[in-house]
1. What number of residues within the stretch 123-150 are assigned to a loop (DSSP other than H, G, I, E, B), surrounded by fewer than 22 Cβ atoms within 10 Å (Cβ to Cβ) and not aliphatic (A, V, I, L, M)?
2. Give the residue that is nearest to ASN140 (Cα to Cα), with candidates limited to residues of the stretch 200-236 that are assigned to a loop (DSSP other than H, G, I, E, B) and out of contact with any strand residue (DSSP E or B) (no Cβ under 8 Å at 6 or more places or on another chain).
3. Hey, can you tell me all the residues within the stretch 143-159 that are over 16 Å from THR228 (Cα atoms) and touching a residue at least 60 places away in the same chain (Cβ under 8 Å)?
4. For the structure I just gave you, tell me whether GLY111 is under 18 Å from PRO52 (Cα atoms) and either at pLDDT below 95 or not in a helix (DSSP H, G or I) (or both).
5. For the stretch 237-251, what are the residues that are surrounded by fewer than 17 Cβ atoms within 10 Å (Cβ to Cβ), closer than 16 Å to ALA142 by Cα and at pLDDT below 95?
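The values are calculated or read from the model by the stated rules, or taken from the named source; none is laboratory data. Since the model is a prediction, treat every value here as computed from it, not as a measurement. Glycine gets a Cβ as well: all are built from the backbone with ideal geometry, and neighbour counts include every protein chain shown.
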Amino acid sequence: MKTFNLFFQSPPSSSITTIFATAAITFLLFSSTMVNSTANLSKTDMDLLEFPLNLEYFEAEYFLFGSTGKGLDSVEPRLAAGGPRPIGAKQANLSLLIKDVITQFAYQEVGHLRAIKKIVKGFPRPLLNLSAQSFGTVMNAAVGKPLSPPFDPYANDLNYLISCYVIPYVGLTGYVGANPKLESPVSRKLVAGLLGVESGQDAVIRSLLYEQADEKVSPYKMTVGEFTQKISQLRDKLGKDGVKDEGLDVPIQLGPEKKTQGNVLAGDQDSLAYGRTPQEILRIVYGTGDEKAPGGFYPKGGDGVIAKGYLKTKPSKNLD
């Protein structure tokens with residue numbers, strides 16, 4: 001009786017040739033698809049993926065300096081690409097817990113910059129004003145008067161967390177706004193991944209603040225909840241497109257299902273995240289209410305096709 005070794009029997013040489021040829025063709029097709037999926041993005045996708053770098057640079061630098069005292073130039077200089085060093089950025093006076101959380105955020109943002117630049121060329125770090133004075137100006141605008149003493153985001157845990165409430169959420173709404181406009185699955189996958197982590201960061205910041213919502217922010221007479229409400233109202237005012245921002249406490253008619261005034265996460269009437277356009281985002285981060293008038297955290301404006309496109313037009317009067 002003839003026996004066959006089903007596990008070790010060598011296939012005919014012609015079969016081996018066919019197997020290798022098939023594998024080679026499959027690899028080439030797969031490689032071609034991967035290359036084309038990023039190289040052949042539409043101009044709309046490229047511009048929309050490039051724009052968030054403005055806020056990702058802000059977050060990376062602010063979190064890095066706040067937690068470690070060092071920025072991209074020390075941690076990942078290639079990503080900074082020779083852009084100017086941020087103005088006034090420094091290490092914050094943080095407890096071990098908050099320093100740990102912000103350090104995690106910082107390195108997440110480094111990853112976000114890298115992920116975006118794997119798909120689009122991007123641009124060097126824009127000039128950022130991360131000074132205490134810059135944040136103090138925002139807080140003065142939010143409360144409607146100069147705070148005394150001036151608000152210092154680097155002073156302690158609570159001040160730093162309140163300052164973190166100012167910008168990261170704006171980036172989150174930008175990803176929500178951009179996603180429906182993206183054409184490529186590659187672009188949508190990237191934005192979904194970025195949005196997932198950015199949303200998580202916002203949730204952590206809001207949760208830490210919510211725990212202290214009724215506490216007074218020393219030496220001011222306002223509570224943490226009141227600060228967040230004022231900041232959200234300022235962002236809505238600057239954005240000029242209705243209510244897309246909510247503090248930690250809201251009127252019950254704006255709470256989830258109109259059942260609670262607690263608002264640990266912001267959302268619309270169906271508890272879906274709000275979306276913003278690049279124009280709205282620029283109006284907010286410039287602090288001018290005008291996408292054509294740079295200022296605030298971006299003294300020379302943002303970079304990239306979208307942001308620079310607005311800078312080429314004549315600025316209108318700054319928002320008082």
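1. So the answer is 9.
2. TYR220
3. PRO149, TYR154, ALA155, ASN156, listed by residue number.
4. No; evaluated as a whole, the condition is false for this residue.
5. The first filter runs over the stretch 237-251 and keeps only residues surrounded by fewer than 17 Cβ atoms within 10 Å (Cβ to Cβ), leaving 237, 240-243, 251.
From the residues that got through so far, the ones that are closer than 16 Å to ALA142 by Cα too are 237, 240, 243.
Answer for the stretch 237-251, where residues must be surrounded by fewer than 17 Cβ atoms within 10 Å (Cβ to Cβ), closer than 16 Å to ALA142 by Cα and at pLDDT below 95: LYS240, VAL243.
Rundown of residues vs (1) touching a residue at least 12 places away in the same chain (Cβ under 8 Å); (2) within 26 Å of LEU282 (Cβ to Cβ), yes/no style:
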{"position": "VAL166", "(1), (2)": "yes, yes"}
{"position": "ARG188", "(1), (2)": "no, yes"}
{"position": "GLY193", "(1), (2)": "yes, yes"}
{"position": "GLN201", "(1), (2)": "yes, yes"}
{"position": "LEU208", "(1), (2)": "yes, no"}
{"position": "ALA213", "(1), (2)": "yes, no"}
{"position": "GLY225", "(1), (2)": "yes, no"}
{"position": "THR228", "(1), (2)": "yes, yes"}
